[in-house]
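Below is one structure; the comments refer to it alone.
The values are calculated or read from the model by the stated rules, or taken from the named source; none is laboratory data. Because the structure is predicted, anything quoted here is derived from the model rather than measured. Positions of Cβ are generated from backbone atoms using ideal geometry, with glycine treated the same way; all protein chains shown enter the neighbour counts.
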Amino acid sequence: YAGSLLFYLTRKAPFGEAKLADDDMAINFGDVTTDTDKVTILVTVPLTENEKWQQLAVNECLIFQDGDVIYKDSPSQRKFLTVEEGIAIAREVGASV
């Protein structure tokens, strides 16, 4: 459930390289996975710069099973926050960012 800012990314074969957004580091997931691996990552801010992260709208709900979306409930009027807006909300409630 995205109360404010939430992104997800599903990785599956064929795996490739992921470059961190906040550091000069990369990993080739093809070197450390098998063709049957699948993982979905949920984050408040995208971790990599060369992958396509999917943003959830405010008040959108997704349910995942085995890395796949099996249920989605979206508000009738979808609103997406910027990363800056999401960080400002987190700071307002005392979260460390």
Next item on the list: Kindly establish whether THR34 is among the polar types (S, T, N, Q) and over 24 Å from ARG78 (Cβ atoms).
Entry: yes
Margin query: Quick check on my filter: what residues within the stretch 3-17 are of a type in the set (A, V, I, L, M) and modelled with pLDDT of 95 or more?
Written below: LEU6, LEU9
Item checked: Subset of the stretch 67-88 [within 29 Å of ASP37 (Cβ to Cβ) and β-branched (Val, Ile, Thr)] -> VAL69, ILE70, VAL83
Next item on the list: Kindly indicate whether LEU56 is free of Cβ contacts under 8 Å to residues at least 40 places away in the same chain and within 30 Å of SER76 (Cα to Cα).
Entry: no
Check: What number of residues in the stretch 1-57 are in contact with a Lys or Arg (Cβ under 7 Å, 6 or more places away or on another chain) and within 21 Å of ARG91 (Cα to Cα)?
Finding: 1
